[in-house]
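The values are calculated or read from the model by the stated rules, or taken from the named source; none is laboratory data. Just so it is clear, the structure is predicted and the values come from calculations on it, not from any experiment. All Cβ positions, even for glycine, are placed from backbone atoms using ideal geometry, and neighbour counts span all protein chains on display. For the accessible areas, the whole protein counts, side chains as well, though only heavy atoms, and no ligand, DNA or RNA atoms are used. Shrake-Rupley method; radii C 1.70, N 1.55, O 1.52, S 1.80 Å.
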Amino acid sequence: MKFKLIYPKWAKLSRQTEFHLPPHGPVVFAAALPDYVDIDFIDENLETIDFDDDVDFVGISMMLTVQVKRGWEIADSYRKRGIKVIFGGIATMLHAEETMGHADAVFLGEAEGRMERVLSDFSQNSLQSCYDFLNKRPDIGLVGPARRDILNRKLYNFKGVQMVDLVHTSRGCRFNCYPCAVSYLGGRIFRPRPIDKAVAEIAGIDNNRLFIVDNSLAQDTRWEMELFQEMIPLKKSWCSHPIEDKPEVLDLAARAGAWYVYQAVFDTSDYIKERIKRYHDHGIGVEGTILLGLDNHTEDFIKRLIDFLLEIELDLAEFTVLTPFPHTKAYDELSKENRILSHDWNDFSADQVVFQPKNMSPEKLQELLDYAWNTFYQDEPQGIKMAKLFKQVVKREMADNTFKPRDRNLSGQSFGRPVNRDNEN
Ligand code: SF4
């Protein structure tokens with residue numbers, strides 16, 4: 001069966017450097033497909049879709065809300081040609097009903113152990129319009145190594161440097177933060193993968209630099225420490241969302257190759273200040289993820305917050321505005337208060353204000369977003385800060401003898417996360 005798996009393109013954040021990381025959702029999904037499926041993967045951010053090629057079935061994998069409208073267009077084109085289309089991925093789950101209007105089937109939930117049935121329905125021309133497994137999560141032990149072989153890997157480099165590879169070691173999250181849809185998508189129960197399986201997958205990735213994309217590794221100290229312990233011999237360098245800041249955890253994380261973490265900074269408290277310092281004391285960099293426009297944010301507060309970020313010497317910062325993605329507490333509350341100003345999903349890019357802030361006009365918040373980027377990077381531009389963080393990893397690799405000489409002439413690169421704008425760690 002010829003299955004074409006498509007990852008629709010989207011516009012990057014206006015202030016983000018243009019680079020492309022290998023996508024994660026499609027390669028994890030591909031691992032759940034039976035062997036007889038011949039997968040042709042297209043990342044539309046980097047390749048052009050040939051709508052006339054010979055294909056039996058099309059899958060559209062959507063991670064971000066800003067991908068959905070393009071995903072629908074692609075599906076409409078294939079369906080006009082009589083080819084059946086199934087949708088999956090995080091953004092499909094968030095926009096399931098609307099997506100059904102453009103699909104022969106939508107798949108909601110995690111795919112492991114489920115795709116044989118879907119493909120058998122397809123073969124018998126009896127596809128269901130919706131496969132809803134959102135609250136029937138499979139055994140996490142079924143998660144196999146992602147099918148990175150479907151990627152056209154040479155496309156994922158920046159100025160000759162291979163981009164980080166993405167991998168996950170757990171699903172779910174114990175927390176339920178205001179702007180985040182993870183509790184809806186992955187559940188409130190933290191589900192770690194068996195450590196031997198996760199570590200075997202990491203060891204098998206042909207890349208020394210990884211992004212561990214788990215929602216948050218700071219969920220279960222014992223598991224976290226065991227994972228880091230097992231990762232030490234692999235000599236990988238990695239970035240991730242937050243890890244616990246207990247000294248014993250940070251010590252192991254650093255030995256396991258922690259390069260930098262993404263850490264949300266919501267306020268100017270000593271708690272945050274000390275947390276950042278603890279990461280730094282262990283040689284772990286910090287990229288702050290800063291969400292502007294919460295109900296307690298005034299113009300003064302935001303300006304003080306930016307000063308604070310400079311004072312605590314964050315290595316990098318990425319600024320976005322609160323965006324009420326469906327199935328978040330933010331969406332429910334702002335919707336109830338009639339404060340959502342746009343339902344055009346292309347506007348839900350996290351750098352456009354689509355809601356009425358409590359303490360200022362939408363225009364003012366938009367202006368403060370620019371102020372934040374400009375002020376934080378005023379004395380030391382983003383490229384320089386990135387180069388500094390990059391130097392750390394090169395230094396470590398040289399010490400470990402894992403440095404690849406082709407990276408030697410690099411003057412600076414972008415290596416941030418694919419901003420998962422449907423959750424915010
Ligand atoms: S923001 Fe992070 S910690 Fe909070 S619910 Fe989402 S994934 Fe969990």
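Rounded to the nearest Hz, the phi-derived 3J(HN,Hα) couplings of the stretch 300-308 under the Karplus curve 6.51 cos²θ - 1.76 cosθ + 1.60 (θ = phi - 60°) are 4, 4, 5, 5, 5, 4, 5, 4, 4, where x marks glycine and proline. Calculation over all alpha carbon pairs of the chain in 20 angstrom steps from 0 returns a P(r) of 26, 59, 15, 0 percent. Across the stretch 344-350, computed HN-Hα scalar couplings (Karplus, 6.51 cos²θ - 1.76 cosθ + 1.60, θ = phi - 60°) run 7, 5, 5, 7, 8, 9, 6 Hz from first to last residue, x flagging Gly and Pro.
Over the stretch 244-292, give the accessible area per residue in Å² for a 1.4 Å probe, as an integer. All intermediate terms of the calculation are to be shown ahead of the outcome.
Details: 1750 Å² over 49 residues.
In whole numbers, the stretch 244-292 has 36 Å² accessible per residue.
Qualifying trypsin sites (Lys or Arg not before Pro) in the stretch 115-166, where qualification requires a DSSP coil assignment and no more than 10 other C-beta atoms within 10 Å, comprise 136. Counting only DSSP H runs of at least 4 residues, each contributing -39500 (n - 2.57), and dividing by the residue count of the chain, the helix-based mean residue ellipticity at 222 nm comes to -9500 deg cm²/dmol. Put simply, the amide H of residue 47, placed in the peptide plane, has no neighbours under 5 Å, leaving out anything fewer than 5 places away on its chain.
Based on DSSP loop calls and a cut-off of at most 12 other Cβ atoms within 10 Å, the longest stretch of the chain free of exposed GluC sites (Glu not before Pro) is what? The answer is 19-312. In the frame of its principal axes, the stretch 87-153 has Cα extents of 32, 30, 27 Å, reported largest first. 3J(HN,Hα) along the stretch 331-341, derived from phi through the Karplus expression 6.51 cos²θ - 1.76 cosθ + 1.60 where θ = phi - 60°, amounts to 5, 4, 5, 5, 5, 4, 8, 6, 10, 8, 9 Hz, with x in place of Gly and Pro. If you look at the Cα atoms of the stretch 77-199, you get an Rg and a Dmax of 17.0, 47 Å.
From the cross-link list 12/303; 9/159; 69/385; 69/235, which pairs have alpha carbons spaced over 31 Å apart? Distance filter (> 31 Å) returns 69/385; 69/235.
Ligands, DNA and RNA left out, the 1.4 Å accessible surface of the chain is 48% carbon and sulfur atoms.
Applying Stokes-Einstein at 25 °C and 0.890 mPa s to the Kirkwood radius of the stretch 2-133, computed over alpha-carbon pairs, gives a translational diffusion coefficient of 165 µm² s⁻¹. Rolling a 1.4 Å probe across the protein heavy atoms gives the stretch 2-133 an accessible surface of 39 Å² per residue.
Averaged over all directions, how much area does the convex hull of the C-alpha atoms of the stretch 156-407 cover when projected, in nm²?
So the mean shadow area of the Cα hull is 14.1 nm².
Once the chain from residue 346 to residue 125 is taken as fully extended at 0.36 nm per residue, the excess over their C-alpha distance is 76.2 nm.
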